[in-house]
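After the structure tokens below, expect a handful of questions from me.
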Amino acid sequence: MCWGNFCFIPGPKKWDEEARPYMLAWLPAVGAVMGLIWALIAVALMKIGLHRMALAAILCWLPFVLSGFIHVDGYMDVNDAVMSRGTLEKKRAILKDSRCGTFAIVSFIFLVMVEFGFLAAACEGGIDPVRLALIMTVPRGLSGLMMMSLEPMDTSQYNKMQRDKKAEAFMLIQLIVLVFIALNLGEDQFKVCLTVSACMVGTIISVFCARKELQGMNGDIAGYGILWGEMLGIISLIV
């Protein structure tokens with residue numbers, strides 16, 4: 001269920017409504033698989049000597065494609081709502097509106113420009129594939145954990161979802177194990193820690209800021225946090 005919802009790559013289709021509370025618990029693992037695919041493609045393209053600008057363009061595009069652009073929708077909706085500077089009711093109405101406003105478009109263009117620029121700079125000196133994989137893993141794990149533990153909005157599809165502390169614990173342990181494995185596989189532990197920290201800062205701060213503005217948690221805010229976490233993780237690659 002988690003794979004089908006959050007990954008564009010086709011897989012077995014099965015849905016069980018009773019299992020919904022546990023679906024988000026697998027986000028770190030799904031993120032790790034997508035991150036691994038991203039990293040392997042990066043290594044292959046670097047091996048064939050692709051020009052760094054072309055490499056940066058492909059690497060910038062891949063995370064959006066692998067996730068089926070699902071988090072882009074949340075990122076753009078939240079930017080539209082928060083930057084409207086209206087009342088809480090107006091912000092929530094904008095959040096639910098399927099139309100795309102100016103704030104959403106400009107924010108997404110900014111995001112892509114930053115990620116492309118920093119990836120181009122990082123490609124010049126070579127990129128550690130382990131750090132790339134973490135950039136898709138850590139934000140998803142943290143954002144999913146906050147989605148499960150923080151109070152949801154009344155209008156959120158997760159509002160009536162049964163809370164399960166075991167699922168939250170499983171998710172946290174899964175994330176810790178994946179980071180621990182990465183620390184042992186990475187070329188430089190300090191740089192791996194830096195990327196993990198950047199992803200954490202981007203995800204946590206953006207989610208709490210958006211949640212404060214919108215008075216509650218929902219899937220759009222979770223996606224917003226994931227893209228902020230990924231962007232700061234990509235920025236960390238130039239170190």
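The values are calculated or read from the model by the stated rules, or taken from the named source; none is laboratory data. The structure presented is a predicted model; accordingly, all values stated were derived computationally and were not measured. Note that we place each Cβ from the backbone using ideal geometry, even for glycine, and neighbour counts take in every protein chain shown.
Could you tell me which residue of region 97-123 is nearest to the chain's Cα centre (by Cα), considering only residues that are surrounded by 12 or more Cβ atoms within 10 Å (Cβ to Cβ) and charged (D, E, K, R)?
Applying the filter and picking the extreme gives Glu115.
Tell me which of these Met217 doesn't satisfy, since it passes every other one: (1) at pLDDT below 90; (2) in contact with a strand residue (DSSP E or B) (Cβ under 8 Å, 6 or more places away or on another chain).
Going through (1) at pLDDT below 90; (2) in contact with a strand residue (DSSP E or B) (Cβ under 8 Å, 6 or more places away or on another chain) one by one, Met217 breaks only (1).
Among the residues of region 167-200, count how many are surrounded by fewer than 16 Cβ atoms within 10 Å (Cβ to Cβ) and touching a residue at least 40 places away in the same chain (Cβ under 8 Å).
So the answer is 4.
Would you mind stating whether Arg140 is within 30 Å of Glu18 (Cα to Cα), in a helix (DSSP H, G or I), at pLDDT 90 or above and not β-branched (Val, Ile, Thr)?
Here the answer is yes, as Arg140 does meet what is asked.
Next question. As an exercise: evaluate Ser206 against (1) of a type in the set (Gly, Ala, Ser); (2) under 20 Å from Gly117 (Cβ atoms); (3) free of Cβ contacts under 8 Å to residues at least 12 places away in the same chain and give the number of the one condition it does not meet.
For Ser206, the failing item is (3).
State which residue is nearest to the chain's Cα centre (by Cα) when the search covers only region 8-35 and only residues that are within 17 Å of Leu142 (Cα to Cα) and of a type outside the set (A, V, I, L, M).
The selected residue is Gly31.
Considering only residues that are surrounded by 24 or more Cβ atoms within 10 Å (Cβ to Cβ) and of a type in the set (Val, Ile, Thr), which ones fall in region 66-82?
The one that is surrounded by 24 or more Cβ atoms within 10 Å (Cβ to Cβ) and of a type in the set (Val, Ile, Thr): Val78.
Oh, and also: Kindly indicate whether Ala81 is of a type in the set (A, V, I, L, M, F, W, C), in contact (Cβ under 8 Å) with a residue 24 or more places away in the chain, closer than 24 Å to Leu214 by Cβ and in a helix (DSSP H, G or I).
It is true that Ala81 is of a type in the set (A, V, I, L, M, F, W, C), in contact (Cβ under 8 Å) with a residue 24 or more places away in the chain, closer than 24 Å to Leu214 by Cβ and in a helix (DSSP H, G or I).
Could you list all residues from region 45-63 that are without any contact (Cβ under 8 Å) to a residue 24 or more places away in the chain, out of contact with any Leu (no Cβ under 9 Å at 6 or more places or on another chain) and not basic (Lys, Arg)?
Selection gives Ile48, Gly49, Leu50, His51, Trp61.
Right, here's the next one. Kindly evaluate Thr137 against the criterion of being among the β-branched types (Val, Ile, Thr), farther than 25 Å from Leu55 by Cα and buried (at least 23 other Cβ atoms within 10 Å of the Cβ).
No: the conditions fail for Thr137.
Within region 212-230, is there a residue that is without any contact (Cβ under 8 Å) to a residue 60 or more places away in the chain and closer than 30 Å to Ala81 by Cα?
Yes, that holds for at least one residue.
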